[in-house]
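K.L.:
Dropping the structure in here first, questions after.
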Amino acid sequence: MNVQEIRSRLERIVDRPVELIRVRESQKANNILSTGWTDADSTWFFTADPELADREEQWAFRILDNSLELATRELIALLVLMATSEAVSRPQEEESEVQQLGRWLGEKLERDESPQELPDTLLLKSRLFTEMIPFLLICEGAQNTLGGYEELHQLLSTFLERDVLVVPLHGREWLLLVDRLDVLEVSEDRGEEEESDRELLEAFGMGLYELIASEWTGIFNLSVSDPLQPAHGLVRAVRLLRESVFLGKSFHVTRNVHLPWDLGLERLVYSIPGAQRERFIEEVEGLDVVLEDGEVLTTLETFFQMNCNVSETAKRLYIHRNTLIYRLDKIKQETGLDVRNFADAVLMKLSLLLDKVTKD
């Protein structure tokens, strides 16, 4: 539990705003560790975390209420002291536990094994029976500046104001396990127009990617899958996340966040043997003309991205609707495929995907 999580929990306990504030030595009273201290409108409790201390200044929790009963103040002071003391030693212990889990996962992935349940020998297992959302972060390139475990853990925990499990895998590859309740809205009354769980996962993943990309230089790719209890099926989930990054990089080079549920067709296309891919592409007359025209290719990809909606595609491309129709007619002229027709659209989509993977 980090200090931000302690602050959030204190807010829920006392039902008052709680702030973590830097204070000077002169502001503290002699009874600081037993009951905290008060001023005109607040009650303060000193943290015992030496990582938040220097010679002249410390940090304290400020509760915006100076009328707490003495027994309540003593209890809060004791809890803050114990929790912040634990926060100092916990990171080293946790790092050892996640490294153990990372080594075990790496071994199973390398051997292509998929055990359904984590073994009891993993120290972290007892914390993995709640629903969590797995993210896989992969950093590439010689110029990357991504820090180690401590930097990544601190950044993500601060971002969420909750503890995040950061599990190192091979090289610059990290498995991130985030509590489901920190990402998804829990509401049985969610309206039809509200975002679905997968839309929320995508939005959260985009935000996470932007956060990491803003802190460090390098090429980052991130994948996310549906919630699960990590104690069950974690190896299979990590394998799916890895596959999603690979497929996303192969078929959608401009994207950095890759979603397994959006890559079903790409997964199928990649499984087709090379000779059959080439034969299929050759059967589409005039396809090479389309593939060599960057403007037409962008038009097609945007058209499919906008679910073959002419008006929305024209808006996204910032062109007149008639200009778009002219381009689609030109494609029909070259290939014989009218992508406004469902069957022809499927054939064209498959052709584009097959061309990408065949070139690679």
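K.L.:
Return only the number of the condition from (1) touching a Ser or Thr at 6+ places or on another chain (Cβ under 7 Å); (2) surrounded by 17 or more Cβ atoms within 10 Å (Cβ to Cβ); (3) of a type in the set (Gly, Ala, Ser) that Gly286 does not satisfy.
P.N.:
(2)
K.L.:
Conditions: (1) in contact (Cβ under 8 Å) with a residue 24 or more places away in the chain; (2) over 29 Å from Leu136 (Cα atoms). Gly248 meets all but one. Number of the miss?
P.N.:
(2)
K.L.:
Name the residues in segment 22-65 that are at pLDDT 60 or above and out of contact with any strand residue (DSSP E or B) (no Cβ under 8 Å at 6 or more places or on another chain), would you?
P.N.:
Of everything in segment 22-65, those that are at pLDDT 60 or above and out of contact with any strand residue (DSSP E or B) (no Cβ under 8 Å at 6 or more places or on another chain) turn out to be Ser34, Thr35, Asp39, Ala40, Asp41, Ala48.
Results for (1) touching a residue at least 60 places away in the same chain (Cβ under 8 Å); (2) assigned by TED's automatic domain parsing to the domain that holds Gly207; (3) part of a loop (DSSP other than H, G, I, E, B), shown as yes or no for each residue.
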site: Glu243; (1), (2), (3): no, yes, no
site: Phe280; (1), (2), (3): yes, no, no
site: Val284; (1), (2), (3): yes, no, yes
site: Asp288; (1), (2), (3): no, no, no
site: Leu291; (1), (2), (3): yes, no, no
site: Phe304; (1), (2), (3): no, no, no
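K.L.:
Looking at segment 122-134, can you tell me whether even one residue there is under 25 Å from Arg7 (Cα atoms), among the small types (Gly, Ala, Ser) and either loosely packed, with under 13 Cβ neighbours inside 10 Å or modelled with pLDDT of 85 or more (or both)?
P.N.:
yes
K.L.:
With Ser196, Ser223, Ser244 as the choices, which residue is crowded, with 21+ Cβ neighbours inside 10 Å and more than 21 Å from Val98 (Cβ to Cβ)? Can you show your working first?
P.N.:
Details: Ser196 fails: crowded, with 21+ Cβ neighbours inside 10 Å; Ser223 fails: more than 21 Å from Val98 (Cβ to Cβ).
After ruling out the rest, the residue left standing is Ser244.
K.L.:
One residue is enough: does segment 151-166 have a residue meeting the conditions part of a helix (DSSP H, G or I), touching a residue at least 40 places away in the same chain (Cβ under 8 Å) and small (Gly, Ala, Ser)?
P.N.:
yes
K.L.:
Just give me the residues in segment 103-147 being among the acidic types (Asp, Glu) and in a strand (DSSP E or B), in sequence order.
P.N.:
Start the filter on segment 103-147 by keeping residues that are among the acidic types (Asp, Glu), which leaves 107, 110, 112-113, 117, 120, 131, 140.
Residues satisfying the conditions are Glu117, Glu140.
K.L.:
Tell me yes or no: at least one residue of segment 81-95 is surrounded by fewer than 16 Cβ atoms within 10 Å (Cβ to Cβ), at pLDDT 80 or above and either touching a Phe, Trp or Tyr at 6+ places or on another chain (Cβ under 9 Å) or among the hydroxyl-bearing types (Ser, Thr, Tyr) (or both).
P.N.:
Step one: list which residues in segment 81-95 are surrounded by fewer than 16 Cβ atoms within 10 Å (Cβ to Cβ), which gives 82, 85-86, 88-90, 92-93.
Keeping just the survivors that are at pLDDT 80 or above gives none.
No, the conditions are met nowhere in segment 81-95.
K.L.:
If Glu161 satisfies every condition in (1) modelled with pLDDT under 95; (2) at negative phi; (3) over 12 Å from the mean Cα position of the chain (by Cα) but one, which is the exception?
P.N.:
The one condition Glu161 does not meet is (2).
K.L.:
Tally the residues that are under 30 Å from Val224 (Cα atoms) and part of a helix (DSSP H, G or I), restricting the search to segment 262-278. Show your work before the answer.
P.N.:
Residues of segment 262-278 under 30 Å from Val224 (Cα atoms): 262-274, 277.
Those left that are additionally part of a helix (DSSP H, G or I): 262, 264-270, 274, 277.
Residues in segment 262-278 being under 30 Å from Val224 (Cα atoms) and part of a helix (DSSP H, G or I): 10 in total.
K.L.:
Only one of (1) more than 18 Å from Glu173 (Cα to Cα); (2) in a helix (DSSP H, G or I) is not met by Val238, so which one is it?
P.N.:
(1)
K.L.:
Would you tally the residues in segment 332-346 being in a helix (DSSP H, G or I), surrounded by 15 or more Cβ atoms within 10 Å (Cβ to Cβ) and modelled with pLDDT of 90 or more? Before the answer, list the steps.
P.N.:
In the first step, residues of segment 332-346 are kept if they are in a helix (DSSP H, G or I); the result is 332-335, 342-346.
Of the ones still in play, those that are also surrounded by 15 or more Cβ atoms within 10 Å (Cβ to Cβ) are 332, 334-335, 344-345.
If we keep only those that are modelled with pLDDT of 90 or more as well, we get 332, 344-345.
Result for segment 332-346: 3.
The values are calculated or read from the model by the stated rules, or taken from the named source; none is laboratory data. Treat the numbers as computed from the prediction; the structure is a model and nothing was measured. Virtual Cβ from ideal backbone geometry, glycine too; neighbours counted across all protein chains shown.
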